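The next block holds one structure in the form of structure tokens; read it before the comments.
The values are calculated or read from the model by the stated rules, or taken from the named source; none is laboratory data. Given the structure is predicted, the values throughout are model-derived calculations rather than measurements. Ideal geometry is used to build each Cβ from the backbone, glycine not excepted, and the neighbour counts take in all protein chains shown. Only protein heavy atoms, including side chains, enter the accessible area calculation; ligands, DNA and RNA are left aside. Shrake-Rupley method; radii C 1.70, N 1.55, O 1.52, S 1.80 Å.
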Amino acid sequence: MDSIRFISIDNCMKRFIVIMVSAILCFSAGAANLHIENLMSPDGRNVVNVQFDDNAVYYEVFRDGVRISGLCALSMTVDDETWGAGSMPRKITRDCISEEIRFIVPRKYDRITVMYNVLILHYKGYNIEFRAYNDGIAYRFSGTSDRIGEVVSERIEYVFDKSCMSYTLLTDELQNWYEEDYTVSALESLPKDRMSIIPVSVESGNFRVLLSEANLYDYPGLYLVPSGTGFAGKLSEYPAKEEFFYGTNKLYVTEREQFLVRCNLKRNFPWRVMGIFDDDSSILNSELIYILSDKTDEDYSWVKPGQVLWDWWNHNNIYGVDFRAGINTETYLYMIDFASQNDIPYILIDDGWSDKDDLLSVNPQVDMSRICGYAQDKGVKVILWAKWINVDKQMDVAFEQFRKWGVAGIKIDFMDRNDAKMVNFYERVARKATEYHFLIDFHGSYPNEGMRAKYPNLMTREGVIGLEYNKWSDRATPRHDLIIPFLRMWAGPMDYTPGAMLNSQPEWFRINNLEPMSQGTRVHQMAMYVVYESPLQMLSDSPTKYLENMDCLKFMTAVPTVWDDTVPLFGEVGENIGIARRSGDDWFIGIMGNENAQTFRVCMKFLGDGNYNMVSYSDGLNADINGKDYIKAEKTVDMNTILDVRLAPGGGFVARISRN
């Protein structure tokens, strides 16, 4: 054991020497006041090389002695002062931290042990803090003066080799749906007049790097503008004037202030995060955004994750019944009965139950008191959809009315912005919803930034091209489905809204708003319930479609929405993914593939000792023609079993494994 420990230290020292020599070579000339501090991750593999003098602060990042990023500048302009320029730090402190995190709403794990190392540069009025984790690095500014000031700008820079490939979500609008197609391109080929929604992915050498932010409060969210050799941060100035667009659905900023936010400067600003991974499947283990974010000490034991029967995607298309289906009481009572009979804890009543501009003016065809009362009798809970504009202006009275009805949660939509004013709306909702014990699902939303750590009732978010796009486009492709688990889902829970029962190969896919379908196979959709992380997970098709496919429904409703353990099996962005997850004593496997047929051999070592019963669903022999075709099988397995899995184009495999 001693020799192993000695070798590990020796390897770390070799990497450290390489990094120090690199820094000295880069800055030996004309840098009399240059100071260099290095911060190493607990496993010794990641090193942040922080370099500063009287004029500037830079950092570069190494993994295994290989440069991941070039010198990146950082600064923040507050009033008429630039933090990170004009002076040397008064002192430098370091720390090594090890802590256990127990997740109130477990996404991947019920608990983890986190270790990281800290370097803080202390200046007059502010600090710059760096952290090094085994799966990435992060830095942030923290103000120490108890006064009100204006943050005018922040310099955020990421520098790589110009030939590095990247995945970006490009837009030219600060106000957008956060739902773009991925652009796969070398950094030098990205358009410099556009910006990307985060997270952004860069292939630096043999490593996968993800760029994002964490712990975003009272501050604008981050975009990244291509520079040719990386990215520069772009932040929205604070709104000065807002106007309605698309009728009264959107409230967009038409004039802006000359600052990002006016706030008390005794505070922490958002983390700038760089996740660093050996391969794509390693991303699936990471909770770095959550770890960096503020946690809560409040009691959230009332938060109950679960699946949700949703009306909007399937157009309330229920048939073979003795009532007129639609946005009406009879339809929702029927949905409650269906949910109750199939152990689905929630139903979601989407757009149309209230006046478009007034949450207290209920559609006369919808008896909300009767619906919620009936749901309570049946052991089902109701979630209501609402425009953010109406929630913003009616939050107190509307939430009180929802409480009287017995509503359990709210899906809030159409925000489409991430300026500081909007970010503050998110937190106001989270706070008020906590008072009323409401669950929250944000749609028309920027991706996760860690707020769920402080407010665990923030169950999931959109910010992704999901199944809804199949109602009007062909953009939710099997390949897209295999990009988002490695990029968008890294940031936090993702409300893709799976569950389609009409499944088609892309060449036969047709847009149909009344009876929408998915691209890929039936089991591709079923596998999403294991692969995609969302503590509130939608069942998006109609009860009628599920009645026609009860065997598949029974499997999907048995899949938990939170997990005790997660084991990535394999994965490559845009190509395939295989993951095993445990809830209690049961394991689940989910495998998904892109538009190409694929085969895999899956090792079951994660099971441990003993014999298990496995019920599986795989693509049928004709699934390459008819996506609905599947095969159900049952067999005994153990930790030595090797599964041979064949995926049709756009295919999937899913299994539940229970100890005998």
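Of note:
- Qualifying positions in the stretch 579-626 - over 18 Å from N285 (Cβ atoms), polar (S, T, N, Q) and assigned to a strand (DSSP E or B): Q598, T599, N613, S616, S618
- Here E515 clears all of (1) over 24 Å from T331 (Cβ atoms); (2) open to solvent by 10 Å² or more (accessible area, probe 1.4 Å); (3) in a loop (DSSP other than H, G, I, E, B) except the condition numbered (1).
- The condition of being more than 24 Å from G499 (Cβ to Cβ) and touching a residue at least 24 places away in the same chain (Cβ under 8 Å) holds for only one of M614, M556, M592, M604, that being M604.
- If the condition is being touching an Asp or Glu at 6+ places or on another chain (Cβ under 7 Å) and open to solvent by 10 Å² or more (accessible area, probe 1.4 Å), then the stretch 530-554 contributes no residue at all.
- Every residue from the stretch 202-235 that is farther than 30 Å from K250 by Cα, assigned to a strand (DSSP E or B) and touching a Gly at 6+ places or on another chain (Cβ under 9 Å): V202, R208, V209, L210, G230
- Qualifying residue in the stretch 241-253 (condition: in contact with an Asp or Glu (Cβ under 8 Å, 6 or more places away or on another chain), within 17 Å of S153 (Cα to Cα) and at pLDDT 95 or above): no
- Of all residues in the stretch 243-255, exactly one satisfies the criterion of being under 30 Å from R140 (Cβ atoms) and either open to solvent by 50 Å² or more (accessible area, probe 1.4 Å) or free of Cβ contacts under 8 Å to residues at least 12 places away in the same chain (or both), namely E255.
- Positions within the stretch 448-458 being open to solvent by 10 Å² or more (accessible area, probe 1.4 Å) and either within 14 Å of the chain's Cα centre (by Cα) or free of Cβ contacts under 8 Å to residues at least 12 places away in the same chain (or both), in sequence order: N448, R452, L458
- Any hit, the stretch 116-134, residues being open to solvent by 70 Å² or more (accessible area, probe 1.4 Å) and on the phi < 0 side of the Ramachandran plot: yes
Per-residue answers, yes or no, for (1) open to solvent by 70 Å² or more (accessible area, probe 1.4 Å); (2) assigned to a loop (DSSP other than H, G, I, E, B):
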{"position": "N33", "(1), (2)": "yes, yes"}
{"position": "I36", "(1), (2)": "no, no"}
{"position": "L39", "(1), (2)": "no, no"}
{"position": "Q51", "(1), (2)": "no, no"}
{"position": "C96", "(1), (2)": "yes, no"}
{"position": "V105", "(1), (2)": "no, yes"}
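- Scanning the stretch 139-178 for residues that are part of a loop (DSSP other than H, G, I, E, B) and surrounded by fewer than 21 Cβ atoms within 10 Å (Cβ to Cβ) yields a total of 14.
- Within the stretch 587-597, if we keep just the residues that are open to solvent by 30 Å² or more (accessible area, probe 1.4 Å) and not aliphatic (A, V, I, L, M), the residue that is nearest to the chain's Cα centre (by Cα) turns out to be E595.
- Qualifying strands (runs of 3 or more DSSP E) (wholly inside the stretch 346-425; at least 3 residues being in contact (Cβ under 8 Å) with a residue 12 or more places away in the chain and surrounded by 22 or more Cβ atoms within 10 Å (Cβ to Cβ)): 346-349, 381-387, 409-413
- Taking the listed residues R428, R475, the one that is open to solvent by 20 Å² or more (accessible area, probe 1.4 Å), among the basic types (K, R) and in contact (Cβ under 8 Å) with a residue 60 or more places away in the chain is R475, with no other qualifying.
- Flag if S153 is farther than 15 Å from Y223 by Cβ and among the small types (G, A, S): no
- Among the criteria (1) without any contact (Cβ under 8 Å) to a residue 40 or more places away in the chain; (2) assigned to a strand (DSSP E or B); (3) within 27 Å of K387 (Cα to Cα); (4) not small (G, A, S), the one I197 does not fulfil is (1).
- The helices (runs of 4 or more DSSP H) falling completely within the stretch 518-569 that include 3 or more residues that are aliphatic (A, V, I, L, M) map to 522-531, 550-557.
- Taking the criterion of being of a type in the set (V, I, T) and under 19 Å from E81 (Cα atoms), the only residue of the stretch 114-129 that qualifies is I128.
- The stretch 211-235 residues that are among the β-branched types (V, I, T), paired with ones that are assigned to a strand (DSSP E or B) and open to solvent by less than 10 Å² (accessible area, probe 1.4 Å) (beta carbon under 8 Å, 6 or more apart): V225/S196; V225/F231
- Among the residues of the stretch 604-627, those that are of a type outside the set (A, V, I, L, M, F, W, C), surrounded by fewer than 20 Cβ atoms within 10 Å (Cβ to Cβ) and within 26 Å of H480 (Cβ to Cβ) comprise N622, D624, N626.
- Flag if T557 is open to solvent by less than 20 Å² (accessible area, probe 1.4 Å), among the β-branched types (V, I, T) and over 20 Å from the mean Cα position of the chain (by Cα): no
- Of all residues in the stretch 557-578, those that are of a type in the set (A, V, I, L, M, F, W, C) and farther than 23 Å from F103 by Cβ total 2.
- Any hit, the stretch 648-659, residues being closer than 24 Å to P560 by Cα, open to solvent by 70 Å² or more (accessible area, probe 1.4 Å), among the basic types (K, R) and in contact (Cβ under 8 Å) with a residue 40 or more places away in the chain: yes
- In the stretch 223-237, residue farthest from the chain's Cα centre (by Cα) [restricted to those that are surrounded by 19 or more Cβ atoms within 10 Å (Cβ to Cβ) and under 14 Å from L260 (Cα atoms)]: E237
Residue-by-condition table, conditions (1) open to solvent by less than 20 Å² (accessible area, probe 1.4 Å); (2) assigned to a strand (DSSP E or B):
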{"residue": "V48", "(1), (2)": "yes, yes"}
{"residue": "F62", "(1), (2)": "yes, yes"}
{"residue": "G70", "(1), (2)": "yes, yes"}
{"residue": "T77", "(1), (2)": "no, yes"}
{"residue": "P89", "(1), (2)": "no, no"}
